[in-house]
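Please treat every number below as a calculation from the coordinates, not as lab data. Everything numeric in this text was worked out from a predicted model, so none of it was measured. Neighbour counts are summed over all protein chains in view; Cβ atoms, including those assigned to glycine, are modelled from backbone coordinates with ideal geometry.
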Amino acid sequence: MTTLIKGGTVVSATGADAAEVLVDGETIVALLAPGSDLAVSAESGANTVIDATGRYVIPGGVDVHTHMELPFGGTSASDTFETGTRAAAWGGTTTIVDFAVQTYGRQVRECLDEWMAKAEGNCAIDYGFHMIVGDVNDASMKEMDILVDEGITSFKLFMAYPGVFYSDDGQILRAMQTAAGNGGLIMMHAENGIAIDLLAEQAVARGETDPIYHGIVRREELESEATHRAIKLAKVGAAPLYIVHLSASEALEEVVRARDNGANVFAETCPQYLYLSLEDHLGKPGFEGAGYVCSTPLRSKHQHHHADLWKGLRTDDLSVVSTDHCPFCMKDQKELGKDDFRAIPNGIGGVEHRMDLIYQGVVTGEISLPRWVELCATTPARMFGLYPKKGVIQPGADADIVLYDPKATWSISVDNHHMNMDYSAYEGFEVNGKVDLVMSRGQVVIQNNQYLGKAGDGKYVRRGLSQYLM
Ligand code: URP
Ligand code: ZN
Ligand code: ZN
């Protein structure tokens, strides 16, 4: 079965050109000059032509930071692998890399098996896993080596959440040394959780229990200090480092300094840190701000965080945009922290909106069209060992293709999103551009505003080593 996508502008990380894309089965087999006399006819019954006139033809988005069904704070993230990956497809993302979690006192292997079981047969799009190592010890370090060989090549550690996911500096250094030996990539949640917990306790003792205090106690100095420490530990451990969900100017400065000194340090940011703020969102009246409680937190609009992060995206000091999709409903979930912000489960859902939200940076001139594709598809694929199957339109790649209509306009709402959330963090946000068609390994899964796929279409992907470390 072949499909020809014609009439569109194919956008890659390096440019945008009129071209036709020929798909055979699950794979892209050719990129052709427009108007090629290809023997493809819709009438033959075997072949299909998709008219992409007026559309950008881009590689399917690769979101390397999601938390489907993550247990957190006495509840679990509200998107299952089924609902979350379907929502991702609606938004033009065709691959996710989710975080399997080793909790303290348990074996890495049994935790990973649980995560695999949650996802298997349920996903709408392809998926891989990172491993959160919540208990750095002899056994988990041995297991890291084995996982790298099995296609789980990145490991998240936490400098935050003492008593839950937290690793101390010795444990972090040890995991970095292990990664340096096996080629894995350490991903760091860089916030000083010990200091944050003290400030949070003091705030609550003063009666400061509203959601905004979540952001106030998680001071940006405690993100930049942890980022600095992680970078230094990675140097001592001779390991590469990837900072997740970077939110603040000072933390970015640490990354810029390290990169300028030649260190193999990378960082991602997320749409919430580019668009939302401590005052306007986390500080919404009543308990509404709970919908914006995430860590790292939203930052003040009175500083330069938004502008600095966009600059970092332009200069490649920030290499990737992921979502950190970790949705919780207001009802019964965020509400757990009505009297104490520390009990609000941390996370914002956004897996459906990343491609659109970052495209707004193209519209406003913050980034170029190819950079959009690079940040949202190509670099995440290369960073996490998915390239060249994912993140690129070229012969041999999986036919994960999105047709994007730059002329469409619409606004984001809980009434039109597909994530399992009872509110939208981006309610009323006006969007220029819209996903028009989504193909996942050759199968059209979104077309004419309809979902045509089914749970289980998405397959587990064994990842290779990061291309940025070779
Ligand atoms: O608030 C967040 N980010 N929740 C998910 C867990 C994490 O730290 O990434
Ligand atoms: Zn984190
Ligand atoms: Zn996360």
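Full-extension gain between residue 343 and residue 1, please, as 0.36 nm times their residue separation minus the C-alpha to C-alpha distance.
That pair, residue 343 and residue 1, stretches by 117.9 nm at full extension.
Pop a pseudo-label 7 angstrom from the Cα along the beta-carbon direction at both residue 202 and residue 304 and give the gap in nm to one decimal.
Using points 7 Å along Cα→Cβ, the separation is 2.9 nm.
Would you mind putting 49-62, 399-412, 374-387 in packing order, based on average other-beta-carbon counts within 10 Å, highest first?
Working: 49-62: 23.1, 399-412: 19.7, 374-387: 26.7.
Top of the packing list down: 374-387, 49-62, 399-412.
Given the pairs 156/459; 338/454; 301/434; 142/235; 235/311; 311/390, which are separated by over 29 angstrom at their Cα positions? Spell out each step's value before the answer.
Values: 156/459 22 Å; 338/454 37 Å; 301/434 27 Å; 142/235 22 Å; 235/311 26 Å; 311/390 26 Å.
Long pairs (Cα-Cα over 29 Å): 338/454.
Among 102, 159, 321, pick out the residue whose Cα is farthest towards the positive end of the charge dipole of the stretch 60-383, where Lys and Arg carry +1 and Asp and Glu carry -1 on C-beta, about the Cα centre.
321
Dipole of the chain, Cα-centred, from +1 at each Lys and Arg C-beta and -1 at each Asp and Glu C-beta, to the nearest 20 debye? Don't skip to the end; give the middle numbers.
Working: 38 positive and 63 negative charges, 123 e Å.
Roughly 600 debye, rounded to the nearest 20.
Please determine, in degrees from 0 to 90 and to the nearest 10, the orientation of helix 169-182 with respect to the longest principal axis defined by the Cα atoms of the chain, where the helix direction is its Cα long axis.
30
Using +1 at the Cβ of each Lys and Arg and -1 at the Cβ of each Asp and Glu in the chain, identify which of 372, 416, 112 lies farthest towards the dipole's positive end.
Among 372, 416, 112, the one farthest towards the positive end of the dipole of the chain is 372.
Could you grab the relative contact order for the chain? Cα pairs under 8 Å, six or more apart, rounded to a whole percent.
Working: 1155 pairs, mean separation 101.5, N = 470.
That works out to 22 percent.
What does the extension gain come out to for residue 261 and residue 53, with contour length at 0.36 nm per residue minus their alpha carbon separation?
On the way: separation 208, 0.36 × 208 = 74.88 nm, distance 4.56 nm.
Full-extension gain reported as 70.3 nm.
For the stretch 60-168, what's the relative contact order in percent, using C-alpha pairs closer than 8 Å and at least 6 residues apart? Present the calculation step by step, with values, prior to reporting the outcome.
Values: 169 pairs, mean separation 26.4, N = 109.
Relative CO of the stretch 60-168 lands at 24 percent.
Under the 0.36 nm per residue contour assumption, what length would be gained going from the current alpha-carbon distance of residue 336 and residue 311 to full extension? Walk me through the numbers on the way to the answer.
Working: separation 25, 0.36 × 25 = 9.00 nm, distance 3.69 nm.
Contour length minus Cα-Cα distance gives 5.3 nm.
Label-point separation (nm) for residue 168 and residue 29, each offset 7 Å from Cα along Cα-to-Cβ?
Calculated label separation equals 6.0 nm.
Using a Debye calculation, one point per C-alpha and no hydration shell, please list log10 I(q)/I(0) for the stretch 60-383 at q = 0.09, 0.11, 0.13 Å⁻¹ in order.
Summing over Cα pairs of the stretch 60-383 leads to -0.41, -0.64, -0.93.
Which residues among the stretch 325-356 fall inside the zone where the amide N is under 12 Å from a point 7 Å beyond the Cα of residue 422, along Cα→Cβ?
328-336
Looking at 66, 406, 312, which one has the Cα that reaches farthest to the positive end of the dipole of the chain (charges on Cβ: Lys, Arg +1; Asp, Glu -1)?
Final value for the positive-end residue is 312.
When you count, for each residue, the other Cβ atoms within 10 Å and take the mean per peptide, how do 344-357, 203-216 rank with the highest first? Mind showing how you got there, number by number?
On the way: 344-357: 26.1, 203-216: 18.0.
Peptide ranking by packing, descending: 344-357, 203-216.
Given the rule -39500 (n - 2.57) for each run of at least 4 DSSP H residues, summed and divided by the residues of the chain, what is its mean residue ellipticity at 222 nm, to the nearest 500 deg cm²/dmol?
Values: 13 runs with 133 residues, N = 470.
Taking each H run of at least 4 residues, the total per residue is -8500 deg cm²/dmol.
Calculate the FRET efficiency for residue 142 and residue 460 from the Cβ-Cβ distance with a Förster distance of 30 Å, rounded to the nearest 0.05. Walk me through the numbers on the way to the answer.
On the way: r = 23 Å, r/R0 = 0.76.
Efficiency, rounded to the nearest 0.05: 0.85.
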